[in-house]
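What follows is calculated from the coordinates using simple rules that are stated; it is not laboratory data. Since we're looking at a predicted model, the values are computed, not measured. Positions of Cβ are backbone-derived with ideal geometry, glycine not excepted, and every protein chain shown enters the neighbour counts.
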Amino acid sequence: MLQGTGVTQQRAKVLRRTMSPPEIALWMALRQRPGGLKFRKQHPSGPFVADFYCHAARLIVEVDGTAHDYGDRPARDAARDRWFALRTIAVMRIAAAEILRDTDAAVRGVVAFATERLAAEEK
């Protein structure tokens, strides 16, 4: 199981109580275990906190607001994604606006990606 440091665990605890509307919308669907997949919200993962994590599929789902498009955020996100990739964990990024526009479609995309990863592991 991917775990975080003490500082990361404390930060995750705070983030669980202060989720954004798109994160809440996605969580309300993911907590129902779509496709039989269990997700954790605001999961401490090494030096980072993942918005959502499915251990079985080794998949992190990140909800990206517009702030992720500016300044040093794209480079920081890329470095973070590389850190996870080195640990064979995929990162799926979904725009916050996309979740608010069609949460069901976003969930279907997450389930499809997780299912593909699980099928690839079985081969």
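Assorted remarks:
- For residue 109, the test of being surrounded by 13 or more Cβ atoms within 10 Å (Cβ to Cβ), touching a helix residue (DSSP H, G or I) at 6+ places or on another chain (Cβ under 8 Å) and without any contact (Cβ under 8 Å) to a residue 60 or more places away in the chain is failed.
- Any hit, segment 90-113, residues being part of a strand (DSSP E or B), in contact with a Lys or Arg (Cβ under 7 Å, 6 or more places away or on another chain) and within 23 Å of residue 6 (Cβ to Cβ): no
- Whenever a residue of segment 83-102 is acidic (Asp, Glu), its partners that are surrounded by fewer than 14 Cβ atoms within 10 Å (Cβ to Cβ), lying with C-beta atoms within less than 8 angstrom and at least six residues away or across chains, give the pairs 98/105.
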